[in-house]
Structures are given as structure tokens and as C-alpha cells.
Amino acid sequence: MELEVSWLFQFLYTSLCFLVSSFIISSLTSFLVQRVRTKLWCNCEICHTYLTSGWSNQFHNLCDWYAHLLRNSPTKTIHIHVLGNTITANPENVEYMLKTRFENYPKGKPFSTILGDFLGQGIFNVDGNLWKFQRKMASLELDRYSVRSFAFEIVNCEIESRLIPLLSSVSGKAKSNGNVLDLQDVFRRFSLDCICRFSFGLDPRCLELSLPMSEFANSFDLASKLSAERAMTASPLVWKIKRLLNIGSEKQLRKAINMIDVLAHEVIRQKTKMGFSSHKDLLSRFMRTVKDDTYLRDIIISFLLAGRDTVASTLTSFFWVIANHPEVELAIRVEADRVIGPSYERLTSFEQMQELHYLQAAIYESMRLYPPIQFDSKFCLNDDVLPDGSFVKRGTRVTYHPYAMGRIEEIWGSDCLEFKPERWLKDGVFLPENPFKYPVFQGGLRVCLGKEMALVELKSVALSFLRRYHIELVEPCHTPRFSPGLTATFSSGLKVLVGERV
Ligand code: HEM
């Protein structure tokens, strides 16, 4: 018996050693292949500044340094050789990668591996047929007029029953009474409630501040942050070994993902129990076709990521910009009084909201300067040459950079750094721009599916907030500082004092 146990132990030990060493060898091989395509070390000025973080002496954020480099590049394209990354702010290149040669610029394996544990096979993380299926299903639903008015109903219910009571409870109270509100936190809670009600027909009640932030929301934030941090390690080998040994940040990530899985499966179980054939939410619509629970879980997570952080981030920067531009705030209120009437007790209808051209222009202008997704990368499948003549090597990254594009004179004119909603209006009517000049919602074949829903949410919050309250920034600053992550987040939140309008 003793002999058998020791034999078994030896067998398990040898197998484990074999697995670990094969993993390390295969990871090293892929690391070397990747490095042959990129460069181990490069002493050009840009790479040197990147490697030594020298940019931080002059700029608050990495994206500001990239914007500076791209503005000064004659082609509006730069190369970070050590990252194997071609970064572009050239609209022709953006159109080429997102539309003309879409097939040559998929998300690619490195991206889907980094986010694979968190997002699985959800729409954000897949290419090919898996993407086509989810895209088709979701666009059939999200493009319907009825879905937009469903979104309008949910958003306005959340505003009336939670957001306004919350703002009323803190308005007019002095800073010394501890009534400083972090609007970024409020918007994150608000958008999570909205997207959960819209996507699953379930209400996490995150905006009820008396309740602790749900465990799901905390695990979701942590998983999103730690997954983004994987992309910042010098080599994927680092996080892969940590994952194999289940240590450090990878241990935390696994724990957060386990929690997300348990709760996502609970959502699916509840929906199955409630019956989903007649429900209007997106999950019920998917459940009528998809029978695999893991796949459903992945679909859920991608929609949460798509619809939550982007909206919260847009609202945060919008209110920061508005607090710095009282003349725009006034113009929004004047337009609302004219179109809707002076009483703000009832929110406008979905149709009436389409007539608020100045409000839409102010929101677009805020996203031009502060896009919630500041940059977005694809992988080049085969060697290629971009329209501006930049050569792109197979297997390397190509990134388009909406944040930098909003700051380029050749695209937006000499006043590009100014916040001017009027640039979007012609005779008082909102005119959209070419999506490759303004790829805030991406463009081409993978253009955002939730744009209309997002606009309903953004306009409704802006309107009900600005007509009743004004805000004062507690820590005024000229340039926000962002935390690293998948979407732009103010690193110290957005602390404000709220006052009721008289
Ligand atoms: C201001 C708010 C929003 C912005 C700026 C935004 C922006 C974007 C961007 C840049 C992408 C491309 C991401 C990539 O492929 O890497 C995207 C994709 C997507 N967005 Fe949005 N989004 C917003 C809100 C929403 C909302 C509310 C929803 C859901 C209801 C949504 C659903 C999606 C989906 C499903 C995709 C994937 C499309 C595909 O891969 O084919 N988005 N969005």
C-alpha cells in the first residue's frame, strides 16, 4: 500500500513537472517568436522615453504624450518598436483598418488570450463566425425602435426613482458636512443598474447608496482592471506563469472571475425559472437561441463591459467639462426650455429628445476631447502598407487613437483643443462627422452596437441633472489624470458639491 502511494505521488509529481516545463518552453517559444517580430531593445528617442517612463516628466497621462507625438508626426502615425505597436491618428489609416482591409485587422489571438479568462467568447473578444453570430443577433435587437424606447423607459425610471432623490439628499449641503459627492462613483452605479435592467431584466440596485456596492460589481471592476494590467506586463510569460502558479494578481483575478461566474450563472438560472419567451431584455432574446450556459455567461459579461463603463466614463468627463464651461451649461438649459417647456418636473419624451441638437452637440464635443475608449488595438494578419505609407509587419499591433485624433489641427482645425459644441451644428441642426475622423464609437464593420442606447442614457441624465442642479468642482484641475484600464477613468474620481437651482 505504502509503495502504491509513493508511486502515485511520484507519478503526479513527474506529470506536474512535465506540464510546467512544457508550458514554460511553449510560452518561451511564443515569446521569442513575438520578439523576433518586434524588438527586444531599441534606443530610438520614442522607445527610450517609453521604456524609462521619461514622458511622465512632461505629461500627466500616457495618452497625452501619444497625442503630442502624433500631432508632430508628418504622417500622424508613430511606431513604438519595443511594443511592436504602430499607433495612428490618421483618418485614412483608420478607415483602412476598420473597413477597407477589415479582414486583415482582427482583434487577434494575443488580445483574446489576455481577456479570455474574463470575457470568454463574448462579442468583444472574438473574431470570425462567433463574432458574426453575436453581432447579427444583437444588431437585430438593438436596432429596433422599440428597444430604444425600452431603454428610455428604464433610464428615466432609474433617474426619477434613484438619481434625483440622491442628488436632492445632498444638494445645498456644505462641504464641511461631508456632502461631497463623487459623481464618477454615482455614474458607475447608475450605468450598472441601467445595463443590468436592460440586458437581463434584473435590478442590482447599485445606486441605492444605503446598500453596499454589490459583490458582483466589485468583482467585475477588479477583473476588468487586472485583465487590462496583463497587457502592460513586459511579456505575456509573466502573467501566464503567475496564472499557472495561481499567485499574486492572477490569484486575485481567478477569485474575481469565479465570483462573476457564480453570479452570471445565477442570473441565467433565475431567467430560466422566470421563463424568457416573452421578456424584452437582451438576455431573454439570446436565450431563445443559445442553449449553452457558458456561452450565455460570456455574452452577458461582454454586454456589461460594453454598456456600463463607457457610459459612466462619458458622463464623468461630460460633467467635468460642463463645470468648466458655464456658458455651455446655460445654452443646454435654454434649448431645453425652448423645446420641452420651462417645467422640469416631467422628463421629455424619446421623440422630443431627438430635437435637442445643442445637447447632442455638447455630448459629442465632450467625447471628441475625452473619448471613453481612448485607443483601440487590432492585430495585423499579413504584412501590409497603410495608406500613409507606413509598413505594418505581420503579427504586430496597430492602434488607432481617438484621444489623440481629437487634438489634431489637420482634423479639427486650429481650435481643436477648445471645447466648442457649435462645431457640430449647421443652422442649429446637429451634423454627424465621418466616423473615421471621429472613431469614438469605432467605425466600419465592428461599429458600436449600443450607440443609440448610450445617447438616450447620456442625454436623459444630462438634461434631468442640469435643469435641476448645478455642480461645483471640489478639486478644480486643468487636465484630468486617468488610471490605466480598458476605459478612461479619472484617477481621483469627480468630487463635486451639488446645489439646487433657484
Ligand atoms: C458612450 C458610450 C459608448 C461608447 C463610446 C462605445 C464605444 C464602443 C467602441 C469604441 C467599440 C469597439 C470596441 C472594440 O471592438 O474593441 C464598441 C463596441 C461595442 N459596443 Fe459600444 N460604446 C458605448 C456604449 C455602448 C452600449 C450602451 C452598449 C450596449 C447596449 C454597447 C454595445 C457595444 C457592443 C455589443 C460592441 C461590440 C461590437 C462588435 O464587436 O461588433 N456600447 N463600443
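The values are calculated or read from the model by the stated rules, or taken from the named source; none is laboratory data. Note that this is a predicted model, so its numbers are computed, not measured. Backbone-built Cβ (ideal geometry, glycine too); neighbour counts: all protein chains shown.
Would you pick out the residues in segment 120-163 that are more than 15 Å from Ser199 (Cα to Cα), more than 12 Å from the ligand (Cβ to nearest atom) and surrounded by 18 or more Cβ atoms within 10 Å (Cβ to Cβ)?
Across segment 120-163, the qualifying residues are Gly120, Gln121, Asn156, Ile159, Arg162, Leu163.
Only residues that are modelled with pLDDT under 95 and either of a type in the set (Gly, Ala, Ser) or under 13 Å from Leu359 (Cα atoms) (or both): list them for segment 303-332, please.
Within segment 303-332, Ala306, Gly307 qualify.
Give just the number: which of (1) of a type in the set (Ser, Thr, Tyr); (2) away from the ligand (no atom under 15 Å from the Cβ); (3) buried (at least 22 other Cβ atoms within 10 Å of the Cβ) does Ser343 not satisfy?
So Ser343 meets the others, but not (3).
Given (1) more than 16 Å from the ligand (Cβ to nearest atom); (2) within 26 Å of Ile114 (Cβ to Cβ); (3) basic (Lys, Arg), identify the lone condition not met by Lys420.
(2)
I need the full set of residues from segment 449-494 which are surrounded by fewer than 18 Cβ atoms within 10 Å (Cβ to Cβ), modelled with pLDDT of 90 or more and not in a helix (DSSP H, G or I), in order please.
Glu472, Leu473, Val474, Arg481, Ser491, Ser492
Have a look at Leu386, Leu425 and point out the one that is closer than 20 Å to Thr314 by Cβ, away from the ligand (no atom under 16 Å from the Cβ) and of a type in the set (A, V, I, L, M).
Among Leu386, Leu425, only Leu425 is closer than 20 Å to Thr314 by Cβ, away from the ligand (no atom under 16 Å from the Cβ) and of a type in the set (A, V, I, L, M).
Among residues belonging to segment 97-109 that are assigned to a helix (DSSP H, G or I) and surrounded by 18 or more Cβ atoms within 10 Å (Cβ to Cβ), point out the one that is farthest from the chain's Cα centre (by Cα). Working first, answer last.
Within segment 97-109, the first condition is being assigned to a helix (DSSP H, G or I), and the residues that meet it are 97-100, 102-104, 109.
Still in the list and also surrounded by 18 or more Cβ atoms within 10 Å (Cβ to Cβ): 97-98, 104.
Working: Met97: 20, Leu98: 18, Asn104: 23 Å.
The selected residue is Asn104.
Determine whether segment 173-191 contains at least one residue that is closer than 17 Å to Lys451 by Cα, within 16 Å of the ligand (Cβ to nearest atom) and assigned to a helix (DSSP H, G or I).
Yes, there is a match, as at least one residue in segment 173-191 is closer than 17 Å to Lys451 by Cα, within 16 Å of the ligand (Cβ to nearest atom) and assigned to a helix (DSSP H, G or I).
Provide a single number: the residues in segment 346-372 that are surrounded by 21 or more Cβ atoms within 10 Å (Cβ to Cβ) and not in a helix (DSSP H, G or I).
Residues flagged as surrounded by 21 or more Cβ atoms within 10 Å (Cβ to Cβ) and not in a helix (DSSP H, G or I) within segment 346-372 amount to 5.
Which residues, counting only those in segment 296-340, are within 23 Å of Ile373 (Cβ to Cβ), of a type in the set (Val, Ile, Thr) and away from the ligand (no atom under 12 Å from the Cβ)?
Within segment 296-340, Val321, Ile322 meet the criteria.
Output the residues belonging to segment 387-443 that are basic (Lys, Arg) and exposed (fewer than 12 other Cβ atoms within 10 Å of the Cβ).
Selection gives Lys426 alone.
When Asp292 is evaluated against the numbered criteria (1) within 16 Å of the ligand (Cβ to nearest atom); (2) without any contact (Cβ under 8 Å) to a residue 40 or more places away in the chain, which criterion, by number, is the only one it fails?
Result: Asp292 passes all but (1).
Give the number of residues within segment 370-405 that are in contact (Cβ under 8 Å) with a residue 60 or more places away in the chain and within 24 Å of the chain's Cα centre (by Cα).
Count: 20.
Name the residue that is farthest from Thr396 (Cα to Cα), counting only residues in segment 64-96 that are crowded, with 20+ Cβ neighbours inside 10 Å and within 20 Å of the chain's Cα centre (by Cα).
Ala67
Name the helices (runs of 4 or more DSSP H) wholly inside segment 243-328 in which the number of residues that are within 22 Å of Lys451 (Cβ to Cβ), touching a helix residue (DSSP H, G or I) at 6+ places or on another chain (Cβ under 9 Å) and not polar (S, T, N, Q) is 1 or more.
Counting at least 1 such residues, we get 282-287, 293-323.
Residues Asp298, Asp281, Asp293: which one is at pLDDT 85 or above, charged (D, E, K, R) and buried (at least 21 other Cβ atoms within 10 Å of the Cβ)? If you could, list the steps in order and put the result at the bottom.
Values: Asp281 fails: at pLDDT 85 or above; Asp293 fails: buried (at least 21 other Cβ atoms within 10 Å of the Cβ).
Just one listed residue meets the conditions, Asp298.
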